Every structure is written in structure tokens, then in C-alpha cells.
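One structure is given here, and the rest of the page talks about it.
The values are calculated or read from the model by the stated rules, or taken from the named source; none is laboratory data. The model shown is predicted, which means the values in this text are computed figures rather than measured ones. Methodologically, a virtual Cβ is constructed for each residue, glycine included, from the backbone with ideal geometry; neighbour enumeration extends over all protein chains shown.
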Amino acid sequence: MRKILLFIVILFSSGLIAEGETSAVVTINEFHEAVSKEPAISRMNYFNSFVGSRVRGHGVVVTSKTANRYNSHYQISVRSLDTKSRITIICNLYSSNSLIQSGIVGKKLTFSGRLLLVTPVDSSRQTFILDILLDEAAIRIE
């Protein structure tokens, strides 16, 4: 019985290591460019290859609310600003920092974090929601 339990623990921990963070850093603009060139059926495969990677981006804050997901207390939704692409990317940023919460709707935000999940919004795969665990954020003043 003890050997079986040890075997299960080793399998579980090796899965966590395999799904850990990768060293690649990709920007949301690079997603726009690459995904718009991919056929619709291949877009999820492209995005999924970056799950666990560091991402950087900027956009306009659409919503800011409390949410208990990914061990975070706040969710900020940011719409990407790339107008050249026909692809729409909405980033749901998750953070435990309450300072990022107040009065930022409508402001431009630059952020970086770890990509956790990608969800297509429509069947044509033109709009995607990226769940990102927020590391850094700054309000852009222009």
C-alpha cells in the first residue's frame, strides 16, 4: 500500500513539473500577428502551446471586479489595442493586489504575467479570452 501511495505522489509531482512555467516571453501583439495567419481550426493549438509562458501586453481596461479564481481576489478585463488584426483578444488579469482594482476602468494598462488558460469566445475563433496571473501592471499616461 505504501509503494502505491509513493508512486501516485511521484506521478502527481512530475505532472506539476511538466506543466510548470516555461521561459518564453511572448507579447499580445505577437499573438495577434501569428494567430491571424493561422487557419481558424489551428488557432487553439497555437495558443495552447504558450500556456504557462510569460506574456506582456497592453490594452484598455473594460471591467474591474472581485473574483475568487486562481487564488486571486480581483479580476481585471483588458481589451487588446491591436486594430490591424481581425482577431480580438481580451485578457482577464487575476491579482490579489487591491490597489490595482480602484478607478482603472477606461484607462490604458500595460501588464505582464503568466498565461494560464485560453478560451475561444465564438465558433469562428475570431475572439479569445486569455486568463493571465498578473505579475506587474502600470497605468499608461500618454
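Where helices (runs of 4 or more DSSP H) fall entirely within the range 1-117, those with at least 1 residues that are modelled with pLDDT of 85 or more, surrounded by 12 or more Cβ atoms within 10 Å (Cβ to Cβ) and in contact with a strand residue (DSSP E or B) (Cβ under 6 Å, 6 or more places away or on another chain) are at 43-48. Pick out the one residue from 108, 65 that is among the charged types (D, E, K, R), more than 20 Å from residue 36 (Cβ to Cβ) and free of Cβ contacts under 8 Å to residues at least 24 places away in the same chain. Checking each option against the conditions leaves just 65.
Among the residues making up the range 125-142, those that are at pLDDT 85 or above and either surrounded by fewer than 12 Cβ atoms within 10 Å (Cβ to Cβ) or part of a loop (DSSP other than H, G, I, E, B) (or both) are 125, 126, 136.
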